[in-house]
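The values are calculated or read from the model by the stated rules, or taken from the named source; none is laboratory data. What you see is a predicted model; the values in this text were computed from it and never measured. Here Cβ is always computed from backbone atoms with ideal geometry, including for glycine, and neighbour counts include all displayed protein chains. Protein only, heavy atoms only, side chains kept; ligands, DNA and RNA dropped before computing areas. Shrake-Rupley method; radii C 1.70, N 1.55, O 1.52, S 1.80 Å.
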Amino acid sequence: MDNPLIVSAIIFIVAVGIGLWSQCCLPRLSDSRNILFILFLYLGIVSAGSCIFNLVYLLFTGQLAHGDVQLFGTIVTLIVLWKPLMYVIGKIDDALQKISE
């Protein structure tokens with residue numbers, strides 16, 4: 001389990017699973033429903049950024065990132081992908097608002 005790519009992929013799958021569970025299975029008026037979703041949304045975004053960085057690093061260098069390289073690389077990946085991610089989230093939010101009206 002020293003492979004950071006596998007660890008971040010497992011964290012991503014768990015975050016998506018718990019996020020979906022918090023939206024579908026918890027009672028609609030539960031106080032913890034939205035908190036769980038937001039918490040695991042951010043955890044899923046960070047772990048997806050870590051997966052992307054590790055895959056790109058592995059592609060270019062042929063080895064896995066460890067230590068400070070992995071931490072700063074994930075942060076840089078999230079900074080680079082932040083604007084496109086917010087665009088997609090905005091489009092999804094607009095579509096959900098149109099559906100609810």
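Quick check, is I79 surrounded by 14 or more Cβ atoms within 10 Å (Cβ to Cβ) and assigned to a helix (DSSP H, G or I)? Step through it out loud before you land on a result.
Numbers: surrounded by 14 or more Cβ atoms within 10 Å (Cβ to Cβ): no; assigned to a helix (DSSP H, G or I): yes.
For I79, the condition - surrounded by 14 or more Cβ atoms within 10 Å (Cβ to Cβ) and assigned to a helix (DSSP H, G or I) - is not met.
So G73 passes all but one of these: (1) of a type in the set (G, A, S); (2) in a helix (DSSP H, G or I); (3) modelled with pLDDT under 80. Which condition number does it fail?
(3)
Give the residue, chosen from D68, D31, D94, that is more than 13 Å from the chain's Cα centre (by Cα) and at pLDDT 85 or above.
Working: D68 fails: at pLDDT 85 or above; D31 fails: at pLDDT 85 or above.
Being more than 13 Å from the chain's Cα centre (by Cα) and at pLDDT 85 or above holds for just one of D68, D31, D94, which is D94.
Just one of (1) under 19 Å from I13 (Cβ atoms); (2) open to solvent by 70 Å² or more (accessible area, probe 1.4 Å); (3) among the small types (G, A, S) trips up S47, so point out which.
So S47 meets the others, but not (2).
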